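One structure is given here, and the rest of the page talks about it.
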Amino acid sequence: MENKTSLAKFACYWGSIFGSVIFLYQVLSVWIHFSGTFFQTLLYSLIVVFAMIFAYTKFRQTVGGGYLSFGRGLGLLSLMSLLMSAFFTLFAFVLVAKLDPSMLQEQINQVATLLESNDMDTSFLEDERFYTIIQISFVFSNFFFDFVGNFFYALLISLVFSRNNTPRFENLNRQEDTNSRPSEEQSPKDENPDNQNDQQPTK
């Protein structure tokens, strides 16, 4: 229970820190009109990957004693992904509520234009309840797709870093075996002189 609790606390701590970094990064990207570009998305992915690798290696060294299994590593990074996606979702909510309220309305207008070109009814688009549903769907879809992407990174990182990962107690056993071999090899030699003295005839 102690290890599991420390893993959860560790993941929540660093997930909250890097989640805050992601939130500020996204807000800054909108403010400087950098949001939505290829390099902005690429830099966001690099931040997420760096956060996971940093947390994984730090937990392995400070808590895991140099060893972290695939399952525990995936659990650590999955919980971090959940928190970072929550901060990303908070940004999406702030985006449509404060930073750029007209973004969703522009998309709805594009849908209305498409429907009108096909002689379809567009009256439901003017309903406030429909706009509220669109807002909620936008926020939760951001959380879902962001978490799926983060979970893929978590799975990949856990798989790569858990290879050639030897538990600490196995390393200690190997060292003890290595240290004990010379003494075992010398023991027959030490016994030979005694045996030779016993076999010498007395005069």
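Some notes on this structure:
- Förster radius 45 Å - calculated FRET efficiency between Leu104 and Val160 (Cβ-Cβ, nearest 0.05): 0.70
- Given R0 = 30 Å, the distance between the Cβ atoms of Ala112 and Phe140 translates into a calculated FRET efficiency of 0.85.
- Rolling a 1.4 Å probe across all protein chains gives Val96 an accessible area of roughly 10 Å².
- At the residue level, Ile136 shows approximately 90 square angstrom of accessible surface with a 1.4 angstrom probe and all protein chains present.
- Given a 1.4 Å probe and the protein chains as shown, Ser16 ends up with an accessible area of around 40 Å².
- Under the Karplus curve 6.51 cos²θ - 1.76 cosθ + 1.60, θ = phi - 60°, whole-Hz ³J(HN,Hα) for segment 93-107, x wherever Gly or Pro sits: 5, 5, 5, 7, 8, 10, 5, 8, x, 7, 4, 5, 5, 5, 5
The values are calculated or read from the model by the stated rules, or taken from the named source; none is laboratory data. Remember, it's a predicted structure, so these values are computed and weren't measured experimentally. With ideal geometry, Cβ positions are generated from the backbone for all residues, glycine too; neighbour counts draw on all protein chains shown. SASA here: full protein model, heavy atoms, side chains in, ligands and nucleic acids out. Shrake-Rupley method; radii C 1.70, N 1.55, O 1.52, S 1.80 Å.
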